[in-house]
There are 2 protein chains.
Amino acid sequence: MRLSRYFLPTLRETPAEARIVSHRLMLRSGMIRRASAGIYSWLPLGFRVLKKIETVIHEEMTAAGAQAVLMPTLQLADLWRESGRYDVYGPEMLRIADRHDRDMLYGPTNEEQITQIVRDDIRSFRDLPRNLYHIQWKFRDEIRPRFGVMRGREFLMKDGYSFDLDFEGAKRSYNIMFVAYLRTYARMGLKAIPMRAESGPIGGDLSHEFIVLADTGESAIHADKRLFAMDPRADGVDLEGDLEPVVKRWTSLYAATDDKHDPATCPLPAGDLVEARGIEVGHIFYFGTKYSEPLGCAVTMPDGERRVLHGGSYGIGVSRLAAAIIEASHDDAGVVWPDAVAPFDVGLVNLKSGDADCDAAADDLYGKLRGAGVEVLLDDREERAGVKFADMDLIGLPWQLAVGPRGARAGTVELKRRAGGEKHELAADAALQRILDKSA
Amino acid sequence: MRLSRYFLPTLRETPAEARIVSHRLMLRSGMIRRASAGIYSWLPLGFRVLKKIETVIHEEMTAAGAQAVLMPTLQLADLWRESGRYDVYGPEMLRIADRHDRDMLYGPTNEEQITQIVRDDIRSFRDLPRNLYHIQWKFRDEIRPRFGVMRGREFLMKDGYSFDLDFEGAKRSYNIMFVAYLRTYARMGLKAIPMRAESGPIGGDLSHEFIVLADTGESAIHADKRLFAMDPRADGVDLEGDLEPVVKRWTSLYAATDDKHDPATCPLPAGDLVEARGIEVGHIFYFGTKYSEPLGCAVTMPDGERRVLHGGSYGIGVSRLAAAIIEASHDDAGVVWPDAVAPFDVGLVNLKSGDADCDAAADDLYGKLRGAGVEVLLDDREERAGVKFADMDLIGLPWQLAVGPRGARAGTVELKRRAGGEKHELAADAALQRILDKSA
């Protein structure tokens with residue numbers, strides 16, 4: 001993409017409305033714009049990030065045996081009356097009457113809807129387990145939306161639901177998602193810590209929040225230092241095998257949010273405890289027959305027994321993740337995108353647009369990178385070099401390639417890795433090769 | 001994907017609610033399920049089709065210089081008051097009050113919202129033209145929703161908007177979209193005829209609907225037979241060049257919907273006229289300064305002149321297309337998916353699951369096809385061969401590969417092309433090669 005044609009309205013000033021760094025940087029780097037309170041439009045750069053995050057989630061969910069569906073945003077109130085949640089849910093639920101005065105609502109979550117789907121079309125106990133998910137817009141009418149897409153009203157969420165014959169099966173489905181979640185966040189360059197969460201009305205211990213570490217995070221966490229050294233990708237886990245040992249390895253180590261942590265009773269010596277801050281980006285929990293029972297989601301076993309299905313629910317805040325990743329990965333100059341979710345792989349800076357040598361060298365690199373399947377943003381604007389470098393640092397693409405008049409004639413470029421900031425002047429082909437090697 | 005694990009609830013019976021063939025087949029092939037009046041959930045097979053359609057659109061829009069954004073589903077009523085449309089729009093607009101009693105609405109279209117975005121962030125006349133689009137859910141509260149996703153209330157739409165300095169620029173943007181639309185439909189295996197449409201409040205002739213041909217289509221059309229022989233992909237068009245001759249070639253030929261066609265005044269001799277039926281799947285139109293003027297979307301020219309931008313609007317019914325493609329491509333046995341939008345490329349039928357030879361041969365082919373990047377659905381269920389073939393024909397994947405006990409031992413398979421139905425018994429590797437050659 002040529003920046004001269006790209007809709008990338010970066011801002012030099014920090015908008016007054018933004019109080020946290022991700023919100024500031026998303027506005028300044030032209031990723032999002034506010035449409036109304038807690039509701040945002042995603043501009044081209046932000047949309048690309050959102051799609052990258054979705055892709056990672058789709059791939060990891062597919063690898064874990066979950067299947068993608070797509071449920072609508074609007075639901076019938078009657079369905080929520082069946083589960084008993086319609087009257088319980090607070091003013092966060094956006095209630096709507098259609099032209100025939102039917103009560104509807106903008107889904108804040110989809111347990112009822114997916115349970116209805118499975119109930120109506122499950123044929124046999126042999127079809128279980130089932131794990132279905134979708135990535136769809138949700139609405140929660142927060143009384144005081146803030147922090148940009150971190151706590152918006154209309155937000156994109158991946159929510160998945162598992163259905164099993166019994167608790168043992170449900171626990172297996174839960175464990176698969178537990179591991180898949182760790183992998184998903186790791187692929188996005190995030191360190192995520194699973195934390196025991198309130199178990200809600202069901203009881204039991206199958207409820208975890210995933211907190212990604214960010215110095216600017218909303219909540220303080222206290223956790224065993226060994227948790228921070230663990231890498232879910234290093235486990236070499238077979239998702240079809242027994243995952244209980246893997247989950248145990250993660251959950252047996254101490255981890256607590258501020259409201260649950262009490263230094264007086266903490267079992268860990270201070271030296272083994274890490275105090276950090278984090279942002280919740282996912283929540284998984286087992287809810288048993290809470291929805292299957294009232295909605296009649298059951299199968300008949302060979303012996304004639306009617307078995308009400310056991311369910312679990314698995315959520316990832318997709319639009320929130322875009323902000324959380326920035327909270328976890330930025331510096332004073334701007335965003336530092338991890339490779340997997342970067343809107344482009346390379347920012348190619350033509351330091352003197354209009355100079356024949358520079359234009360030729362930049363166009364040549366642009367063509368070669370695109371030909372090799374690398375996503376490139378070419379800054380071909382007629383701007384000062386300082387403006388171009390500042391914009392590139394702000395939008396935070398993993399690689400920067402700068403072509404100036406001297407280098408263009410000598411056949412060299414300056415290659416910079418945004419994370420770390422080290423720069424190397426090297427032959428254009430060598431720079432190209434280094435990028436290809438690293439993105440492979 | 002192994003069908004034994006796939007959520008594909010096909011139906012043998014035709015559901016009573018379905019009155020047109022696409023609706024029947026989408027329900028029967030397990031693509032969609034009704035959530036409430038005019039609102040549907042997309043099950044795994046349907047979701048895959050929707051994604052394929054989106055991919056074709058994204059690719060063709062990108063090739064045409066349009067950039068993807070994502071605007072929210074809910075909009076502020078005040079924005080529509082600025083344009084004057086809030087009070088004009090009928091009961092099809094779903095009006096909503098949030099918890100603070102602010103008037104909002106579920107967007108039926110996005111002219112106001114995109115105009116606001118461009119207004120707030122356009123920096124210079126040099127940034128023009130701009131063409132921004134998104135694929136997002138819309139809501140129109142049809143009084144009598146029917147025909148499944150063909151005329152639903154919540155529907156997925158690609159809507160794009162161009163902004164130019166003047167009429168000449170807007171016409172150029174319009175022409176690019178005109179050609180991009182023809183290509184988009186052609187890639188989906190559809191024959192689309194552009195038809196002059198009501199020009200609305202702006203006047204002028206820059207308004208076309210795109211009608212895809214289907215015997216079961218909702219409206220009758222009358223058109224010059226030469227239109228049916230034209231292939232937009234054969235034009236070899238440079239989208240950056242002058243497209244006026246290409247557009248002229250398409251628009252100079254007679255084409256009219258039933259309500260505008262009058263045999264008495266039709267300029268064509270009967271022999272040159274084709275009578276057909278079709279479904280509207282897109283609409284493009286130039287709307288001038290209709291939204292830019294009230295919303296103040298303008299730039300300042302070098303001579304100090306304030307120039308209000310000229311806009312165009314370009315819509316494609318994405319969820320509707322899934323149905324329209326089926327209307328255009330099916331037979332008595334089921335759907336016949338065109339390659340580009342098929343949910344899987346190949347249906348691999350193990351005619352005797354549990355038979356060691358069959359299982360080994362099917363697994364081998366399954367692995368090889370997947371290894372070559374081909375999307376395969378393997379029917380590994382314990383069902384009769386007749387049931388398996390019927391389901392495969394119903395869901396309509398472009399290729400069917402059947403492995404039976406005799407063939408498994410001889411190293412042969414039966415390859416069937418769903419469109420046309422011709423079958424060949426050939427060596428497994430030769431069948432594999434034929435599929436790879438055709439999908440390349």
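The values are calculated or read from the model by the stated rules, or taken from the named source; none is laboratory data. Remember, predicted model here, so these are calculated numbers, not experimental data. Cβ atoms come from the backbone with ideal geometry, glycine included; neighbour counts cover every protein chain shown.
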Scanning region A:57-72 for residues that are of a type in the set (Val, Ile, Thr) and surrounded by 21 or more Cβ atoms within 10 Å (Cβ to Cβ), the one nearest to the other protein chains (Cβ to nearest Cβ) turns out to be A:Val69
Looking only at region B:85-115, and only at residues there that are facing chain A (nearest Cβ under 8 Å) and crowded, with 18+ Cβ neighbours inside 10 Å, the one that is farthest from A:Arg95 (Cα to Cα):
B:Gln113
Strands (runs of 3 or more DSSP E) wholly inside region A:38-109 containing at least 2 residues that are within 24 Å of the chain's Cα centre (by Cα), closer than 28 Å to B:Gly38 by Cβ and not small (Gly, Ala, Ser)
A:39-42
In this structure, does B:Leu76 turn out to be over 23 Å from A:Leu50 (Cα atoms), more than 8 Å from every other protein chain (Cβ to nearest Cβ) and at pLDDT 95 or above?
no
State whether the residues of region A:41-51 include one that is of a type in the set (Ser, Thr, Tyr) and more than 10 Å from chain B (Cβ to nearest Cβ).
no
Going through (1) under 23 Å from B:Ile326 (Cα atoms); (2) in contact (Cβ under 8 Å) with a residue 40 or more places away in the chain; (3) not basic (Lys, Arg) one by one, B:Val387 fails only at (2)
Could you check A:Ala229 against (1) under 27 Å from A:Gly160 (Cβ atoms); (2) modelled with pLDDT under 95 and say which number it fails?
(1)
Given (1) more than 9 Å from every other protein chain (Cβ to nearest Cβ); (2) under 24 Å from the mean Cα position of the chain (by Cα); (3) closer than 17 Å to A:Phe285 by Cβ; (4) not in a helix (DSSP H, G or I), number of the condition A:Leu132 does not satisfy
(1)
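Residues are listed down the side, and each one gets a yes or a no for (1) in the same structural domain as A:Arg406 (by TED's automatic domain parsing); (2) surrounded by fewer than 16 Cβ atoms within 10 Å (Cβ to Cβ):
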{"residue": "A:Ala328", "(1), (2)": "no, no"}
{"residue": "A:Asp331", "(1), (2)": "no, yes"}
{"residue": "A:Asn350", "(1), (2)": "yes, no"}
{"residue": "A:Asp355", "(1), (2)": "yes, no"}
{"residue": "A:Tyr366", "(1), (2)": "yes, no"}
{"residue": "A:Gly373", "(1), (2)": "yes, yes"}
{"residue": "A:Val376", "(1), (2)": "yes, no"}
Flagged in region B:161-181 as closer than 25 Å to B:Asp339 by Cβ and in contact with a strand residue (DSSP E or B) (Cβ under 6 Å, 6 or more places away or on another chain), in numbering order, are B:Met177, B:Tyr181
Candidate set from region B:141-155 (those that are crowded, with 19+ Cβ neighbours inside 10 Å and closer than 25 Å to B:Tyr291 by Cβ); member that is farthest from the other protein chains (Cβ to nearest Cβ)
B:Phe155
Failed criterion for B:Ala410 (all others in (1) more than 30 Å from B:Asn175 (Cβ to Cβ); (2) within 33 Å of the chain's Cα centre (by Cα) hold)
(2)
Might you check whether a residue that is within 30 Å of A:Arg140 (Cα to Cα) and not hydrophobic (A, V, I, L, M, F, W, C) occurs anywhere in region B:3-21?
no
Got a sec? Which of B:Lys138, B:Lys158 is on the phi < 0 side of the Ramachandran plot and within 11 Å of chain A (Cβ to nearest Cβ)?
B:Lys138
Subset of region A:296-322 [aliphatic (A, V, I, L, M) and either more than 25 Å from A:Arg81 (Cβ to Cβ) or under 31 Å from the mean Cα position of the chain (by Cα) (or both)]
A:Met301, A:Leu309, A:Ile316, A:Val318, A:Leu321, A:Ala322
Of A:Leu268, A:Leu239, the only residue that is surrounded by 14 or more Cβ atoms within 10 Å (Cβ to Cβ), more than 18 Å from A:Thr184 (Cβ to Cβ) and of a type in the set (A, V, I, L, M) is A:Leu268
Can you tell me how many residues within region A:55-106 are of a type in the set (S, T, N, Q) and within 14 Å of A:Leu132 (Cα to Cα)?
2
In region A:1-37, residue nearest to the other protein chains (Cβ to nearest Cβ) [restricted to those that are outside any strand (DSSP E or B) and basic (Lys, Arg)]
A:Arg5
If a residue must be without any contact (Cβ under 8 Å) to a residue 12 or more places away in the chain and at positive phi, how many such residues does region B:25-43 contain?
0
Scope region A:393-420; condition under 29 Å from A:Glu327 (Cβ atoms), surrounded by fewer than 17 Cβ atoms within 10 Å (Cβ to Cβ) and either modelled with pLDDT of 95 or more or touching a helix residue (DSSP H, G or I) at 6+ places or on another chain (Cβ under 9 Å) (or both); matching residues
A:Arg417, A:Ala419
Checking the condition farther than 16 Å from A:Asp357 by Cβ and within 34 Å of the chain's Cα centre (by Cα), which residue from A:Ala431, A:Ala402 passes?
A:Ala431
Which residue, of B:Val118, B:Val49, is more than 22 Å from B:Ala340 (Cα to Cα) and crowded, with 22+ Cβ neighbours inside 10 Å?
B:Val118
Which residue pairs have Cβ atoms under 6 Å apart, sit 6 or more places apart or on different chains, and have a first residue in region A:273-294 that is over 23 Å from A:Arg183 (Cβ atoms) and a second that is modelled with pLDDT of 95 or more and of a type in the set (A, V, I, L, M)?
A:Thr289/A:Val308; A:Ser292/A:Val308; A:Ser292/A:Leu309; A:Glu293/A:Val308
